Amino acid sequence: MSSRLTGDETALWQAAARVLDANWTGCGTVPSPGLYPHLWSWDSAFVSMGLARHRRSRAERELLSVFRGQWERGLVPHIVFNSELPRFGYFPGPDLWRSRSVPGTPRDLDTSGLTGPPLQALAALRLHQSADAGEAEHSRAFLARLYPLLVAQHRHLAEERDIGGEGLAAICHPWESGMDDSPSWDRPLSALDLPPSRYAPLRTAGGGASAGEDHDRYVRLVTLLRDARYGAGHLRDEHPFLVEDPLFNAAYLASTHALAEIARLVGRDPAPHLEDAARIHRALLDRLWDGECFRALDLRAGALIPVVTVASFGPLLDPDLPPPALRTLAELLLSARFGGAAGYPVPSCDLQSTSFDRTRYWRGPTWINTNWLLWLGTSAHGLTVIADLLYGATLRLVRQSGFREYFDPFDGSGRGSHDYSWSAALVMDLLAARRASHAA
């Protein structure tokens, strides 16, 4: 691929390949060396889409390694732990989750008891779509192998997470959102009774951004779930944190459409998946759209959460998004609140919000993965001006600051971890997609 790019693009491609090669463990790709030493399902979905352009066999193994941790009830854990590392080298580690004590979980490895944004079916389909003619038969066989695992994942969300009863999946912890420290969670977390914490985290995601009382609340939610054996009844009737998040459900919808296409490719009936997609689509509009944007819904409080974040644009992934909603989202994305005043869009929180903080994890910085998701959505809807803006801004970030975890939205300086895998992988995907569009 790199030989067909310009000189500058080739340099970016080669740098991204070095990051992915360095972070490969033999069965998966760690998000970054040191700070994140295990396998995260959200990260691996993005990483597999870059590896599809670089080393296809690794992309397949990446997805299979995530599903190796799948529970019998279909839950795909958001962390699969590397058993070769010290048990106390990362917090929250296996001793907090105690997954092996739960019936129907893997006996040969430790996992978390939460899930993550269900992007795996979309990742699998994009992996297949990037195959050349000589790889098509093998690629279809891989999809056939993955299909029942994806079906089980989606069935779990439909049966255990549709707490609202209208088709959306509820998250039960901020860590399930993929946007751990988002200000969207401040209000539902504030209602949580907090006893004194018995835990002293050794290392936390975000380099300490979640330390203090917020982190104690995160741990408290985990202990409630764990002590209830992660039971569906506890989740439905007792668990204090339940939120229908627009980005999580947009990923769910995009993957449900992808699952329908995968079904067709492997000779299965796509109709049930298309019916599920239609239900999720209707629920997104009926439950989370307020006329201005999509907002998270706090199921325990029965109210939309007022803060607007980059997650509000997640439903751009909906291929059937009505034109009025599409126009409104496009205008908001280009407004001073998100695009106009930020030199390096898209900030993770409304610039005009009192919750905005340009330095704090998901409270303001720009991230490559959310830029990529919005690029994918706007490209599919023919919003080429916005898609080109996102493409250019994303490449400017990595040219200036490298493959960092996240970036200052005003000056583009890198923050968080260095050599971050999804940043490298998604830049590869962007370069390959742009090259393919020019060739077409």
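Here is the list for region 33-101: GluC sites (Glu not before Pro) lying in DSSP coil, each with at most 15 other C-beta atoms within 10 angstrom of its C-beta, are E72, E84.
When every Cα-Cα distance of region 91-162 is counted in 10 angstrom steps from zero, the calculated P(r) takes the values 16, 34, 32, 16, 2 percent. When its C-alpha radius of gyration is set against 2.2 N^0.38 Å (N residues), region 1-43 gives a value of 1.39. Computed across region 327-440, the Kirkwood radius stands at 14.1 Å (inverse of mean 1/r, all Cα pairs). For region 33-83, taking Cα atoms only, Rg and Dmax work out to 11.2, 33 Å respectively. Over the chain, DSSP H runs of length four or greater, each weighted -39,500 (n - 2.57), average out per residue to a 222 nm ellipticity of -14500 deg cm²/dmol. Here the chain is treated with +1 on each Lys and Arg Cβ and -1 on each Asp and Glu Cβ, and its dipole about the Cα centre works out to around 840 debye. Of the peptides 119-128, 295-304, 359-368, the ranking by mean beta-carbon count within 10 Å, highest at the top, reads 119-128, 359-368, 295-304. Where the centroid of each part is defined by its Cα atoms, how far is region 288-358 from region 39-115 in Å? Cα centroid of region 288-358 versus Cα centroid of region 39-115: 30 Å apart. In terms of packing, defined here as the mean over residues of other Cβ atoms within 10 angstrom, the peptides 25-38, 328-341 line up highest first as 25-38, 328-341. Size of the chain from its Cα atoms: along the principal axes, largest to smallest, the extents are 58, 47, 44 Å. Can you give me the accessible area per residue for the chain, using a 1.4 Å probe, in Å²? I get 37 Å² per residue for the chain. With the biggest extent put first, the Cα atoms of region 54-174 measure 46, 42, 24 Å across the principal axes. For GluC sites (Glu not before Pro), the sites in region 225-276 that DSSP calls loop and that have at most 12 other Cβ atoms within 10 Å are E238. Annotation for region 372-415 versus region 116-146: alpha-carbon center distance of 25 Å.
A convex hull fitted around the alpha carbon atoms of region 294-357 yields 98 Å³ per residue.
The values are calculated or read from the model by the stated rules, or taken from the named source; none is laboratory data. It should be emphasised that the depicted structure is a prediction, and the values quoted were computed from it without experimental measurement. Glycine gets a Cβ as well: all are built from the backbone with ideal geometry, and neighbour counts include every protein chain shown. Heads up: the accessible areas ignore ligands, DNA and RNA and are worked out on the full protein's heavy atoms, side chains in. Shrake-Rupley method; radii C 1.70, N 1.55, O 1.52, S 1.80 Å.
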